[in-house]
Structure formats: C-alpha cells, structure tokens
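The values are calculated or read from the model by the stated rules, or taken from the named source; none is laboratory data. What you see is a predicted model, and the numbers here were worked out from it, not measured in a lab. Note that each Cβ is placed from the backbone with ideal geometry, even for glycine, and that neighbours are counted across all protein chains shown. The protein model used for the area step is the full one, side chains on, heavy atoms only, and it has no ligands, DNA or RNA in it. Shrake-Rupley method; radii C 1.70, N 1.55, O 1.52, S 1.80 Å.
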Amino acid sequence: MGKLRAQNQVLKKGVVDEQANSAALKEQLKMKDQSLRKLQQEMDSLTFRNLQLAKRVELLQDELALSEPRGKKNKKSGESSSQLSQEQKSVFDEDLQKKIEENERLHIQFFEADEQHKHVEAELRSRLATLEMEAAQHQAVVDGLTRKYMETIEKLQNDKAKLEVKSQTLEKEAKECRLRTEECQLQLKNLHEDLSSRLEESLSIINEKVPFNDTKYSQYNALNVPVHNRRHQLKMRDIAGQALAFVQDLIKGLLNFHTYTEQRIQIFPVDSAIDTISPLNQKFSQYLHENASYVRPLEEGMLHLFESITEDTVTVLETTVKLKTFSEHLTSYICFLRKILPYQLKSLEEECEASLCTSALRARNLELSQDMKKMTAVFEKLQTYIGLLALPSTEPDGLLRTNYSSVLTNVGAALHGFHDVMKDISKHYSQKATIEHELPTATQKLITTNDCILSSVVALTNGAGKIASFFSNNVDYFIASLSYGPKTASGFISPLSAECMLQYKKKAAAYMKALRKPLLESVPYEEALANRRVLLSSTESREGLAQQVQQSLEKISKLEQEKEHWMLEAQLAKIKLEKENQRTADKLKSTSSGQVVGVAQEGAAVVTAAGQEDASAKAVPVPVHSTSLIGILTRTSDSEAPDVESREDLIRNHYMARIVELTSQLQLADSKSVHFYAECRALSKRLALAEKSKEALAEEMKAASQNNSRLQDELTTTKRSYEDQLSMMSDHLCSMNETLSKQREEIDTLKMSSKGNSKKNKSR
C-alpha cells in the first residue's frame, strides 16, 4: 500500500507538471500569435510602401517619357545639358532597374515567406489541436487511472481490513480447533489405550475359550444370524408402505388411462353408436379391455412384497423373494404395452387421416405417438433393472453386490425418465384436447372423455413424480442397507444360505424365549450388605460360631425328640378319646330315656362351657395354659396360624418392594445409558463438525492466501503498466518538447528574416 501511495504521489506530480507544461505551451503559442500579428502588420506596411514606390516609379517613367521630346527639341540648344541629363537618366535608369529587381525579389521572398508562414502556421495549429486532444485524452486517462487506482486502493484497504478481521477470527478459531484437537487427541489416545487393552483381553479370551473360528470361510459365515436391527426393519416396512401407496396411485392412474382410452376409441373418430368403427380400433379396444388383468397383479405383487417385510425378518435383496413375483407381473404388463403399441400408433395415424384433422392436430398426434414409444421404452428399462434387483433372491451369481448401487441409481434415473415422459404426454394431450374441442364435430361425450383421460394422465404424472422423488431420497439408504455381512467377500451369500439363516434366526428367537425364566428369590442387596457388614464387624471367632451351631443342633434334636414325644402323646390321647366316646355310647344305650335327657343337658352345659372358653380365648390374645392335653394342642395350632400368614405377607411385601426397586434401578440404568449414548453421539457429531470446520477453515485460508497472491500479482502488473504508461507519457512529452523547440527555432528564424526584410525596406 505504501508503494501505491508513493506511486500515486509521483503520478500526481507528473500530472501537475504536464498541466504546467501545457499552460506554458499555450502562453508561448499566444506570444507567437502576437508576434505573427506584428509581422503581418509590418508586411502590410511594407506592401503599402512598395505600392507608393511603384507609383513613384510610374510617375518618374511618365516624366521621363515627357522629357524625351523636350530633350530632342532642346538638343541643339544645349548639348552639354543633354549630356548631363543623359548621365542622370542612365543613373536613374540603373537605380530604377535595381529597385525594380529588388522589389521583385522582395515580392517573391515575401510571397514565399507568407506561404511558408501560412503553411507552418497551419501545421502548428493542427499539431497544437492534436496535442491538445492528446493532452485531453491523456488527462482523461490519467484521471481514470487515478480514479481507478483510488478505488482499487480503497477496495484493497477494505479487503485488507476484512482479511485482518477474518484472520483474527480464523486465528481464534484455529486456537479453539487446536485445543479441541488436543482434547480429541487425548480422548483418542485414551480410547486407543482402552481399546487396545480390550483387544488384548478379548484376544486372550478368544485364544483361550473359543474352540474354532466360524467366520473364516464365507460359505459358513453366511449362515450366521446377523444382529437384529428392529429400527431398520421398521423403517424398511415404513418405506415399503409408502412405496405401496405410490404404486397403488400409479396403478389407479394406469387403469383409468387405459379404460378412458378404450372409451375414446369407441366415440372418435367414428362413434360406435352411429357407425361401425374400423377393425383396427375394434382389436385395439378388445386389447385395452383386458388391461385390468395385467395391471392389477402389479398391485398384488407389491402388496405381497410389503407383507413379506416384517419386524422379525432380515430385509435384504437375498431374502426379498416376493420381488421376483413383482418383476414377473411387471414383465407381463410390458408385454401388454408392446402388444397394444402398434395398434395405438395405427389408431393415431387413422385419426390423422380423417377429413377434419388439422395440421396442428396432426402434429400433436405425431408427438403423442413418439411419447407412447418413449413410455414403453421407459417401462422396459425399469423392468430390466427391477429384474436385476430380483436376481439375488433366486440366483446367487446373477448380480454382484458391487453392482447394487449402480442398479439402484439406474432405477432412480428410469423413474425420473418416466416422470419426464408423462409430463410430455400430459402437455401434448392437453394441447390435442383443446384443438379437438374447437372442432365443429366435437360432441359432449368426446369432451368428457378427453377430460377424463387428461385427469388420469395428470394423476400418472403426479404419481410418477412422487415415486421418483421418493426413490431418489431413499436410494442412499437402500444402497447402505440392502445387504449384510462383510463387504469385502465376493460371492458371500446365496438365496439358500439366506433361507437357512432365516430358519436359524427363528430357532434362535425360540431358544431365547425358552431361556426367559423368572428370577429366583434373593436377599435384598441392602440387607445383604448390612449382613455382610455385621458378619465382618462381629468379634466372634469360629469356635464360638461352632459352639452356637452345636447348641442350635442340640436344641433342634431336643425339639425333635419333644416333637416325637408329643406326637405319641397325641396318639394316646386320641385313643383314650375314642375309648371314652365308645364308653359313653354304651352307657347311653343302657340307660333309660330320662337318663338320656339328663346326659343331654349335661352335654349342653359342657358345650356352653367350651363355647365360653373359646370366646374368652378369642377376646384375649394372651395364651392361656390349660391342664388338658387337647387344649394345649389346639392353642398352639391357633397361635401359629397368624404367624405363618404374617410371615408370608412379609415375604410377599419384601419381594414386591424388591421388584419395584429393581425396576426403578433398571429404568435409571436405561435412562443413563440412553443419556450416555446421546452424549457420545453428540460428541462424535461435534468432532465431525469440528473436522469439517477445520477443513473448511483450511480451504478458506488457502483461498485467502491465493487471493492475496493474486492481489499482489495484480498490484505488480498494475504497477508495471502504470510505469509503462508513465514512461510512454514522458517520451511523448519529450517529443512534444522537441517539436516545440523546433517550432520556436522556426519562428525565431522567421522573425529574423522578417526583421531583416523590414530593415532592408526601411533602408530603401
């Protein structure tokens, strides 16, 4: 920038000097004009003087002519005087002859000088005009250059300020990127160490535990069940559902198009209700009447393909067997299109041969015939690629996995071509319909049928556009997800291995369901920790624990003995009770009826007493000791029942609380895992964005450096061009100075010559 400013100052000085030189030249030109005017005046005075001299010479000649006869008369009288007069006359004649010659020479010189002066003046004026024009042009060029360079200087200053700001921001971002890269490098180092340790551990486990490697051979590896991706299956089913909806719309449009075309043939160019149509149109109508038998299977095949994609399967090209059925239905429909295409072209030609067919309508019919050919060709192309996609499910070597992406891309291109063809058909048919509506023989039935055909064509165009855009949006997902297994293997999978893999998947799912069993009851974790702390903090030794175990075993043996004793006692009491009951029965039989009544009253009293005892036992929860053996047994059994129920309730409540706690812990762990997964994804995305921003910044820095070098080159080139222009201007100024100096010399010589002439004239 400093160099540019210095150059600008130099240019300004040069412009000022040039302006001063031009002003000086103008002043000199004015002075020369004034001198020329003076010389002109002198020349005018000289010419006037010469005229006076010429008149005087004429007078002298007249006097001489008059004096000659007088001299003859007075010749005799005075010869001496005549001799003197002849001498004087000879002197005057010589002087006059000299004056005449000198005057003639001066006239010639004056005329030559005048012509030369005019010529020089004209040349100088022309050169002055050219120099003024060149000076004005140079001044305009200089002004334009100064303006341009000022604008470039301002622009460069602004660019410099922007680049400085941008460089500062880039430096800040570069520092941040360096910090991030350092952090990422640390994280990468930690991850590398962690992964290396895990790799070593896994390799050691594999070497120690894994008896064989089932992924060594691709034929056997193809039988491995891939990881179940439920999200992928749901997305594939969703995509298949969308494709089914689009295909249904397309099939509906095709059915309407063929049906309304059949109706149109029946009414145009000849109405079948009035006259018989041509055999060609009859055959064409018969074929079009069969369109549903070819179009409906396409919808059924797509529906079967959609139903084959479930959540439990693995959706890849090798397992989509129903795609072959859809391809076969599409092949049959293309055969139908090939069959009706010649009749359709001939029908259009028959319409062109009609008497009411205009040139515009004939042109539209020709365009429609070309469009129908293109439509059939597009369907054939689409069927070819769909047939290729159906090969992996039937033939293992029919299509290589490396060609999946190109085939899918070509399917998308074919769909876009179908959309373009349908747009052309819609455009040309709408023009054809408008022309036909203007015909005098156009009936309302023909207008309605044309509108229906046009609506079906518009529906087909919209459906083709939707399915083409849908396929283009999902083609990357199809390319990435329509196969599984290692990508480097060639001939890795076959339909038979895919079928076996699906069977193994079902068996694995059944086995996993069979393994699902309820968890066994366990001690709560907190309680186990508390017991562990108690066990660790207890000061009892093994001997004390052994003594306690021994004492508990002794107590258990005593209790077992007491249990056997009381069981024997219970049996004895039962036997005594039976004997007592038998004895009372015998007594009742032997006694009279009165005694029986007394015994019954006593029994009722005994029963009431027993009922009162039971009520008191229920009212008072404190156990009551009885001397009766049966009473002890019943009381012990009544006291043990609520303990068992309360214990069961406690265990049930404990396990329910444990289940609730485990579910809450599981939910917390799931939420934490989801949170950590989201954080990891966010960090990976941030890392990827940082890498992208780093690359973008590097590209911007590169572009800025290139721009800077380009600007420097431009500055150097402008500097050189400006220096060249300055040198050219200086050379031109030097040449102008030289010409001016020459002109000055010429003017000086003219002045000198004019001064000499004026002196000579004055002397004369």
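Less than 12 Å Cβ to Cβ from His228, Lys/Arg counted +1 and Asp/Glu -1: what total charge do the surrounding residues give?
So the environment of His228 carries a net charge of +2.
To the nearest Å, what is the center-to-center distance of the range 313-329 and the range 89-155, using C-alpha atoms only?
Cα centres, the range 313-329 to the range 89-155: 102 Å.
Could you give each residue of the range 249-263 its phi-based ³J(HN,Hα) in whole Hz, using Karplus coefficients 6.51, -1.76, 1.60 with θ = phi - 60°, and x for Gly or Pro?
Coupling constants for the range 249-263: 4, 5, 5, 4, x, 5, 4, 5, 4, 5, 5, 5, 5, 4, 4 Hz.
For the range 406-421 and the range 557-588, what is the centre-to-centre distance using only Cα atoms, to the nearest Å?
Here the answer is 99 Å between Cα centres.
Using only the heavy atoms of the protein chains and a 1.4 Å probe, how would Ser481, Ser472 rank by accessible area, largest first?
In descending accessible area the options line up as Ser472, Ser481.
Roughly how much of Phe306 is accessible, in Å² to the nearest 10, using a 1.4 Å probe?
Approximately 40 Å² for this residue.
Could you calculate the contour length gain from Gln137 to Asp424, that is, 0.36 nm times the residue separation minus the distance between their Cα atoms, to one decimal place in nm?
97.3 nm
Per-residue accessible area for Leu298 at 1.4 Å probe radius, Å² rounded to 10?
Approximately 10 Å² of Leu298 is accessible to the 1.4 Å probe.
To the nearest 0.05, what FRET efficiency results for Ser664 and Leu577 with a Förster distance of 60 Å applied to their C-beta separation?
For Ser664 and Leu577, the calculated efficiency is 0.55.
Sorted by packing (mean other beta-carbon atoms within 10 Å per residue), highest first, where do 416-424, 114-122 land?
For the peptides 416-424, 114-122, the packing ranking is 416-424, 114-122.
Can you pick out the pairs among Lys381/Lys445; Lys155/Lys694; Lys235/Lys507; Lys374/Lys445 whose Cα atoms lie more than 27 Å from each other?
Going by Cα-Cα distance, Lys381/Lys445; Lys155/Lys694; Lys374/Lys445 fall outside the 27 Å limit.
What does the net charge come to around Glu132 if you take all other residues with beta carbon closer than 11 Å to its beta carbon, with K and R at +1 and D and E at -1?
Once all neighbours under 11 Å are counted, the net charge is +2.
When you take every Cα atom in the range 355-450, what is the radius of gyration, and what is Dmax, the widest Cα pair distance, in Å?
Reported Rg and Dmax, both Å: 19.8, 63.
Going by average Cβ density within 10 Å per residue, which order do the peptides 349-355, 565-571, 202-208 take, highest to lowest?
Ranked by mean Cβ neighbours within 10 Å, highest first: 349-355, 565-571, 202-208.
Show me 442-449, 683-690, 327-334 ranked by packing, highest mean number of other Cβ atoms within 10 Å first.
Ranked by mean Cβ neighbours within 10 Å, highest first: 327-334, 442-449, 683-690.
Report the gain in length on full extension from Ala413 to Gln19: 0.36 nm times residue separation, minus Cα-Cα distance, nm rounded to one decimal.
My answer for the length gained is 134.7 nm.
Per residue of the range 148-164, what does 6.51 cos²θ - 1.76 cosθ + 1.60 with θ = phi - 60° give for ³J(HN,Hα)? Whole Hz please, x for Gly and Pro, Karplus curve as stated.
4, 5, 5, 5, 5, 5, 5, 4, 5, 5, 4, 4, 5, 5, 4, 5, 5
Could you please report the charge total around His107, scoring K, R as +1 and D, E as -1 over all other residues with beta-carbon less than 11 angstrom from its beta-carbon?
Here the count lands on -4.
Just to verify a number: what accessible area does Ile386 come out at with the full protein assembly present, 1.4 Å probe, Å² rounded to tens?
Ile386 exposes around 20 Å² with every protein chain in place.
For the range 1-57 and the range 351-377, what is the centre-to-centre distance using only Cα atoms, to the nearest Å?
First find each Cα centre; the distance between them is then 86 Å.
Treat the range 228-491 as a sphere of radius equal to its Kirkwood radius over Cα pairs and apply Stokes-Einstein at 25 °C in a medium of 0.890 mPa s; give the translational diffusion coefficient in µm²/s, rounded to a whole number.
In µm²/s, the coefficient is 123.
Does anything in the range 689-711 have its amide N under 17 Å from the 7 Å Cα→Cβ label point of Gln187, and if so which residues?
689-695
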